[in-house]
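The values are calculated or read from the model by the stated rules, or taken from the named source; none is laboratory data. This structure is a prediction, so every number in the text was calculated from the model and none was measured. Note that we place each Cβ from the backbone using ideal geometry, even for glycine, and neighbour counts take in every protein chain shown. With ligands, DNA and RNA removed, areas are computed over all heavy atoms of the protein, side chains included. Shrake-Rupley method; radii C 1.70, N 1.55, O 1.52, S 1.80 Å.
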Amino acid sequence: MEFEDEIFNDGLSKAYYKHNDNGQYVLEKDAPWAEKVSVALIISSRRALLEEIRKEVLAGRKSPLCYYMEMRQLDPGMLAKAAGIATFRVKRHLRPEVFARLNPSVLDRYTKALRVTLEELKTVPNG
Amino acid sequence: MTTEHTATGKPYVHYHAAHCESGVTSAFFRDKGVDISEPMVFGIGSGIFFGYLPFLKAAGMRVSTFRSQPGAIFRKVARRLDGDFVVKTYRNPQKGMDELRRVLKTGQIVGLKTNLYWLPYFSERFRFNFSGHNLIVLRETKEGFRISDPTLEHPVDCPAADLERARFARGPMESHGYMYYLKSVNPHPDLRQACIKGMIDSCNLMLRIPLPIFGIRGIRFQARKIIDSPDKLGFNEACRLLADVIRWLEDTGTGGAGFRYMYAAFLQEAAELLRSAELAGLSEEMTAIGHDWRKFSLAATRIIKQRKQFEQTFAEAGGLMHGCADREEKFFKNLRKVAGKMKV
């Protein structure tokens, strides 16, 4: 099965207006091909980016915060608002050496904003 | 179609709809006894629009919208059909949830604006960080809330914590717990005048906003951007730009071709209601414009898929979009004339 059919095979069909043979509009449930391809492109590029970040975290170039931020589809500004921490501090915390020294109260804010547990936030899934 | 009930046991019929906000508005009116279809709501609420907002990014996607701003359809329809409605936002999530529970207990169904990412009943392809999805809450259950999401076929359940999160998600276009409901409606609204008002408003929105990013001008602006994009941004980034456009055009609950088919369906209904042959002709023209948008999205998709045998280029895709702009300009000028004649 191709990737786009795979992600569209979830049983949650949307409705689309189509012209039937009598010139009347009716609702149908088949997603157009263009939608499938563009959604597949967006999802696959998002997954690839996440995988890349995971490897960089494991190599010690980025902090796990970066991974979870990307997983929740946030950018530093949005995460800053959600966690109640200044944007420049969030950007600093994306560096692994800074992140390692964070105190528990700051980490707690991140766990609430990102909805992950404290243990999860300190590492990324391996393998 | 599925039958459900509200907190006081009043029956509620769930209809499948293409677009969230017009589906929600139509469900409100049907719940109050005024049978009005989704395309009709979309037309009366002047839903059709175009805007290219490159400075606004939703989860890394540049926004080009094919509809008016979230919330406008409900407000406009409620006003034009003499509905008495309530719209509220909250700073404090706790207060917002308490108020939702209180209103639900009175047997009222409530519309909410939520963030798509945090709604647990969607699968991965739906979930992107965009605060502009409308849904209806029917009643509180033991585990959470019973929800009638018009973009899905059947009502679903959602835990309270997730719903709170979705209502109060932070980011661009924050919804701040945006909540709305219809208190009462006029049982015999003047649909004819409402349709005409909606059409004239749409024409003004498409033709007369003096900014280059809205309406017909916006379509041309974006078409020029697409033509320039491979030189300016490089092939991969240009493909991302196209994929973003296609997603807004086909995916985000538009009912196909960026709401153009839905608008044609509205004109078809309006033509019957107003007994106007001119409107029926315009409905066909709108269908043809919808086909042109579809052609554009197919061409753009071929570029992304890199199917060499079709030899599609960015210039061709942009050209198709320019063609849509020309046709829509003519269409809305005609519609303005036809609707102006019928106005009393």
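Test each condition in (1) under 20 Å from B:C195 (Cα atoms); (2) surrounded by fewer than 17 Cβ atoms within 10 Å (Cβ to Cβ) for B:A270 and report the one that comes out false.
Among (1) under 20 Å from B:C195 (Cα atoms); (2) surrounded by fewer than 17 Cβ atoms within 10 Å (Cβ to Cβ), the lone unmet condition for B:A270 is (2).
Yes/no per residue for (1) assigned to a loop (DSSP other than H, G, I, E, B); (2) in contact with a strand residue (DSSP E or B) (Cβ under 8 Å, 6 or more places away or on another chain); (3) modelled with pLDDT under 90:
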{"position": "B:R75", "(1), (2), (3)": "no, yes, yes"}
{"position": "B:A78", "(1), (2), (3)": "no, yes, yes"}
{"position": "B:F85", "(1), (2), (3)": "no, yes, yes"}
{"position": "B:L100", "(1), (2), (3)": "no, yes, yes"}
{"position": "B:Q108", "(1), (2), (3)": "yes, yes, yes"}
{"position": "B:Y117", "(1), (2), (3)": "no, no, yes"}
{"position": "B:F126", "(1), (2), (3)": "yes, no, yes"}
{"position": "B:H133", "(1), (2), (3)": "no, yes, yes"}
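Taking B:V13, is it within 17 Å of B:I109 (Cα to Cα), open to solvent by 40 Å² or more (accessible area, probe 1.4 Å), away from chain A (no Cβ under 14 Å) and among the hydrophobic types (A, V, I, L, M, F, W, C)? Spell out how you get there, then give the answer.
Working: within 17 Å of B:I109 (Cα to Cα): yes; open to solvent by 40 Å² or more (accessible area, probe 1.4 Å): yes; away from chain A (no Cβ under 14 Å): yes; among the hydrophobic types (A, V, I, L, M, F, W, C): yes.
When the stated conditions are applied, B:V13 passes them.
Do you know which of the residues in the stretch A:26-48 that are free of Cβ contacts under 8 Å to residues at least 12 places away in the same chain, in contact with a Lys or Arg (Cβ under 7 Å, 6 or more places away or on another chain) and within 8 Å of chain B (Cβ to nearest Cβ) is surrounded by the fewest Cβ atoms within 10 Å (Cβ to Cβ)? First the steps, then the outcome.
As a first pass, look at the stretch A:26-48 and keep what is free of Cβ contacts under 8 Å to residues at least 12 places away in the same chain: A:26, A:33-35, A:38, A:41-42, A:45, A:47-48.
Next cut, in contact with a Lys or Arg (Cβ under 7 Å, 6 or more places away or on another chain) only: A:26, A:38, A:42.
Add one more test, that the residue is within 8 Å of chain B (Cβ to nearest Cβ), and what stays is A:38, A:42.
Details: A:S38: 28, A:I42: 21.
Within the stretch A:26-48, the match that is surrounded by the fewest Cβ atoms within 10 Å (Cβ to Cβ) is A:I42.
Need at least 1 residues that are touching a Pro at 6+ places or on another chain (Cβ under 9 Å) and not aromatic (F, W, Y) per element, so show me which helices (runs of 4 or more DSSP H) inside the stretch A:40-127 make the cut, counting only ones lying wholly within it. Spell out how you get there, then give the answer.
Working: elements: A:64-71, A:76-83, A:87-93, A:96-100, A:104-114, A:118-122.
The helices (runs of 4 or more DSSP H) meeting that bar are A:64-71, A:76-83, A:87-93, A:96-100, A:118-122.
To keep it simple, each residue is scored yes or no on (1) closer than 19 Å to B:L182 by Cα; (2) surrounded by fewer than 22 Cβ atoms within 10 Å (Cβ to Cβ); (3) out of contact with any helix residue (DSSP H, G or I) (no Cβ under 8 Å at 6 or more places or on another chain).
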residue	(1), (2), (3)
B:V77	yes, no, no
B:G111	yes, no, no
B:F128	no, no, no
B:V156	no, yes, yes
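Which one of these does B:A280 not meet: (1) free of Cβ contacts under 8 Å to residues at least 40 places away in the same chain; (2) buried (at least 23 other Cβ atoms within 10 Å of the Cβ)?
(2)
Regarding A:V90, is this residue more than 11 Å from every other protein chain (Cβ to nearest Cβ), crowded, with 20+ Cβ neighbours inside 10 Å and aliphatic (A, V, I, L, M)? Steps first, answer last, please.
Details: more than 11 Å from every other protein chain (Cβ to nearest Cβ): yes; crowded, with 20+ Cβ neighbours inside 10 Å: yes; aliphatic (A, V, I, L, M): yes.
So A:V90 passes the test.
Which of the following residues is over 29 Å from B:L152 (Cβ atoms), facing chain A (nearest Cβ under 9 Å), among the hydrophobic types (A, V, I, L, M, F, W, C) and touching a residue at least 60 places away in the same chain (Cβ under 8 Å): B:C239, B:C324?
On the way: B:C324 fails: facing chain A (nearest Cβ under 9 Å).
From the options B:C239, B:C324, the qualifying one is B:C239.
For the condition open to solvent by less than 40 Å² (accessible area, probe 1.4 Å), closer than 23 Å to B:T3 by Cα and in contact with a Ser or Thr (Cβ under 6 Å, 6 or more places away or on another chain), what is the one hit in B:L104, B:L138?
Values: B:L104 fails: in contact with a Ser or Thr (Cβ under 6 Å, 6 or more places away or on another chain).
Within the list B:L104, B:L138, the selection yields B:L138.
Does B:N115 fit the bill of being open to solvent by less than 10 Å² (accessible area, probe 1.4 Å), within 11 Å of chain A (Cβ to nearest Cβ), closer than 15 Å to B:C158 by Cα and not aromatic (F, W, Y)?
Yes, satisfied.
Output yes when any residue across the stretch A:5-17 is away from chain B (no Cβ under 11 Å), more than 30 Å from A:L107 (Cβ to Cβ), open to solvent by 40 Å² or more (accessible area, probe 1.4 Å) and assigned to a helix (DSSP H, G or I), and no when none is.
yes
Quick one: would you say A:R72 is within 14 Å of the chain's Cα centre (by Cα), within 14 Å of chain B (Cβ to nearest Cβ), charged (D, E, K, R) and surrounded by fewer than 16 Cβ atoms within 10 Å (Cβ to Cβ)? Spell out the reasoning first.
On the way: within 14 Å of the chain's Cα centre (by Cα): yes; within 14 Å of chain B (Cβ to nearest Cβ): yes; charged (D, E, K, R): yes; surrounded by fewer than 16 Cβ atoms within 10 Å (Cβ to Cβ): no.
It is false that A:R72 is within 14 Å of the chain's Cα centre (by Cα), within 14 Å of chain B (Cβ to nearest Cβ), charged (D, E, K, R) and surrounded by fewer than 16 Cβ atoms within 10 Å (Cβ to Cβ).
Would you call B:G144 under 27 Å from B:V185 (Cα atoms), of a type outside the set (D, E, K, R), open to solvent by less than 20 Å² (accessible area, probe 1.4 Å) and away from chain A (no Cβ under 14 Å)?
Numbers: under 27 Å from B:V185 (Cα atoms): no; of a type outside the set (D, E, K, R): yes; open to solvent by less than 20 Å² (accessible area, probe 1.4 Å): yes; away from chain A (no Cβ under 14 Å): yes.
It is false that B:G144 is under 27 Å from B:V185 (Cα atoms), of a type outside the set (D, E, K, R), open to solvent by less than 20 Å² (accessible area, probe 1.4 Å) and away from chain A (no Cβ under 14 Å).
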